[in-house]
Amino acid sequence: MMHIDGPEPAATVLACRDLPACLAFFESLGFRLDKIFPADSPRSASMSGFGLHLCLERAERDGGGHLRLPGVRGDAVAPNGTRIEFARGRRAPALPPATFTVSEPAASARWIEGRAGMLYRDLIPGRQGGALIASHIRIEHGGPVPDYVHFHEVTAQVIYCAGGWVRVVYEDQGEPFVMQPGDCVLQPPGIRHRVLESGDGLEVIEVTAPAEHVTCVDHELALPTKTHRPERRFQGQYFVRHERARGSWHRAEIEGFSVCDTGIGSATAGAISVRIVRAEAGARSGAFAPTDARCFWAVVRGTLRLRHGAGVHTLQAGDTCVLPPHAPMSPHEPEPGLELLEVALAGSP
């Protein structure tokens, strides 16, 4: 359960139908962005400037507003009609059990504009009741990315490069580096980072718990940092950079399949693990059941025919599914060349 300590600053809340346009307008006046939420389809943004804090909130109508003050008193209305809201902090809701879920087909994907102009596609319908979000993120035209130094209030977050290339930089992890297809990183909670530039046709898969989380801007820290501390822990997790070209493959628990472990499981004490799973020649249909973890599969290459219960689900490259713990299922007539990204989260975040 995530809890954000400390009072929120007093803020003027303004409703707006076009949040990106309002953000650009207030930035042109000299306000700066402090937080935006959520990243994949922003509906709230906090800004500061001129001694004021603004909270822009997406709404059906423009205008209006009220004062948000720190405290635990009941809400009130001033004599002039201004509503006074007392912020009490946010607490994540209780999470329901994991359920078997299949994404909408990639061929009919719906894309929306998210943070820093990136395009997002939601890969988990229902988002497992708030437990997990997986986003397919795309930058069509390469070049510098209008990102900023920021961090996320999360319990787990993994970035996998599915296509193209992207140059990124992380707090205390040395100079910027390029992620190629098949590479992935673990972004521990609170680590400052920035996307610097990308090539044409960049595609990444971002898997995060919980589903909705705050993105915070760090206006003071410059990246790369002067210190190089690969051993540093961020809320109990180490930063991990996995390069596909350096990975090693081993026999999987499913007959005819092999796996490449990214090392993320050991870096998080088993809280989240990430593997690449592929079918070899002679792979067979074989029943298996995920362990205690909530398991996310994304088809990277080939076609996955997954038998679950009485049905067989066909997933092409770009399609995904969530497998609940202990639910028997099996790849049906797997073909060589099938490759999956597997992200497993133990228990509830």
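Bear in mind these aren't lab numbers, they're just calculated from the coordinates by the rules spelled out. Fair warning: this is a prediction, and the values are worked out from it, not measured in the lab. Cβ placement follows ideal geometry from the backbone for every residue including glycine, while neighbour counts extend to all protein chains displayed.
Annotations
- Extension gain for the segment Phe100 to Gln316, taken as residue separation times 0.36 nm less the Cα-Cα distance, is 76.0 nm to one decimal.
- About the centre of its Cα atoms, segment 246-346 shows a dipole size close to 60 debye [charges on the beta carbon of Lys, Arg (+1) and Asp, Glu (-1) only; nearest 20 debye].
- Simple label model, 7 Å out from Cα along Cβ direction - Ala281 to Glu140, nm: 4.1
- Projected label distance in nm at Glu27 and Asp62, using a 7 Å step from Cα toward the beta-carbon: 1.9
- Database note for the chain: Cys without another Cys beta carbon under 4.7 angstrom, Cys55, Cys161, Cys184, Cys216, Cys260, Cys295, Cys321.
- 0 to 90° range, to nearest 10: angle between helix 19-29 axis and the chain longest Cα axis: 50
- Mean separation of Cα pairs under 8 Å and 6 or more residues apart, divided by the residue count, gives segment 11-87 a relative contact order of 33 percent.
- Contour minus Cα-Cα distance for Asp75 and Ala289 (0.36 nm per residue): 72.1 nm
- Considering only alpha-carbon pairs that sit under 8 angstrom and 6 or more positions apart, the relative contact order computed for the chain is 14 percent.
- Ratio Rg/Rh, restricted to segment 246-346 and using Cα atoms, in which Rh is the Kirkwood radius: 0.94
- Using the Cβ-Cβ distance between Arg251 and Arg301 with R0 set to 22 Å, the FRET efficiency from 1/(1 + (r/R0)^6) comes to roughly 0.65.
- DSSP-defined beta bridges in the chain - what % are antiparallel, rounded to 5: 90
- Matching label, Cα extents along the principal axes in Å computed from the structure shown, candidates (i) 60, 43, 39; (ii) 76, 47, 36; (iii) 65, 46, 35: (ii)
- Debye equation applied to the C-alpha atoms of segment 166-211, log10 I(q)/I(0) at 0.14, 0.20, 0.24, 0.31 Å⁻¹: -0.37, -0.75, -1.04, -1.36
- Rg(Cα) / (2.2 N^0.38 Å) computed for segment 103-242, rounded to two decimals: 1.02
- Among 320-326, 293-299, 169-175, the order from most to least packed when residues are scored by Cβ within 10 Å on average: 293-299, 320-326, 169-175
- Here the dipole of the chain is about 500 debye; that uses its Cα centre as origin and unit charges on the Cβ of Lys and Arg (positive) and Asp and Glu (negative).
- Packing here is the average count of other Cβ atoms within 10 Å per residue, and on that basis the peptides 310-319, 226-235, highest first, run 310-319, 226-235.
- Working ranking of peptides 243-252, 129-138 by packing, defined as the average number of other Cβ atoms within 10 Å per residue, highest first, is 129-138, 243-252.
- Charge-dipole axis of the chain as Lys and Arg at +1 and Asp and Glu at -1 on Cβ define it, positive-most pick from Gln235, Leu221, Val343: Gln235
- Within segment 103-161, GluC sites (Glu not before Pro) in DSSP loop having at most 15 other beta-carbon neighbours inside 10 Å: Glu140
- Relative to the compact-globule estimate of 2.2 N^0.38 Å, the Cα radius of gyration of segment 11-87 comes out at 1.12.
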